[in-house]
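Read the structure below first, then the notes.
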Amino acid sequence: MTEPHKLTDLVPVEVLTEVNTAIAALEIQGPAITEALRQLERATTMAWKAMHMLGVTDEEWELVKRDIGIERGWEAAYQLVSTLDLPNLQPSADVTADGQ
């Protein structure tokens with residue numbers, strides 16, 4: 001009697017390579033990105049509190065955010081997230097083997 005195949009052996013090598021590359025990038029870069037987002041959040045909060053104590057208007061706060069880069073930082077963060085089209089772990093039934 002022959003040994004049954006592991007189902008993972010049926011996954012194309014290209015797919016395994018893509019998964020492993022994605023995991024490696026996330027494991028390497030993910031912590032740095034997470035820390036950068038935490039720093040941006042803390043800096044935003046501290047800047048807002050400082051401006052709030054001075055009684056700046058909402059319009060002035062918008063200028064401060066733009067001038068010191070907070071706005072740019074959050075735009076970069078939102079751009080990163082908006083590019084994600086997170087799949088369900090279960091693909092839809094109309095996905096074919098070639099990904100179409």
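Among the candidates Ile28, Ile33, the residue that is of a type in the set (Val, Ile, Thr) and open to solvent by 100 Å² or more (accessible area, probe 1.4 Å) is uniquely Ile28. Counting the residues of the stretch 38-66 that are surrounded by 11 or more Cβ atoms within 10 Å (Cβ to Cβ) and not in a helix (DSSP H, G or I) gives 1.
Take Glu35 and tell me if it is assigned to a helix (DSSP H, G or I) and either over 17 Å from Glu71 (Cβ atoms) or in contact (Cβ under 8 Å) with a residue 40 or more places away in the chain (or both).
Details: assigned to a helix (DSSP H, G or I): yes; either over 17 Å from Glu71 (Cβ atoms) or in contact (Cβ under 8 Å) with a residue 40 or more places away in the chain (or both): yes.
Taking the combined requirement at face value, the residue satisfies it.
With the structure loaded, tell me whether Gly69 is surrounded by 10 or more Cβ atoms within 10 Å (Cβ to Cβ), modelled with pLDDT of 95 or more, in contact with a helix residue (DSSP H, G or I) (Cβ under 8 Å, 6 or more places away or on another chain) and of a type outside the set (Val, Ile, Thr) or whether it fails that test. No, not satisfied. For the stretch 5-21, the criterion of being of a type in the set (Lys, Arg) and not in a loop (DSSP other than H, G, I, E, B) is met by none of the residues.
The values are calculated or read from the model by the stated rules, or taken from the named source; none is laboratory data. In this text, all values refer to a predicted model and were calculated from it rather than measured experimentally. Don't worry about glycine lacking a Cβ; one is built from the backbone with ideal geometry, like all the others, and counts go over all protein chains shown. We work out accessible area using only protein heavy atoms, side chains counted, and drop any ligands, DNA or RNA first. Shrake-Rupley method; radii C 1.70, N 1.55, O 1.52, S 1.80 Å.
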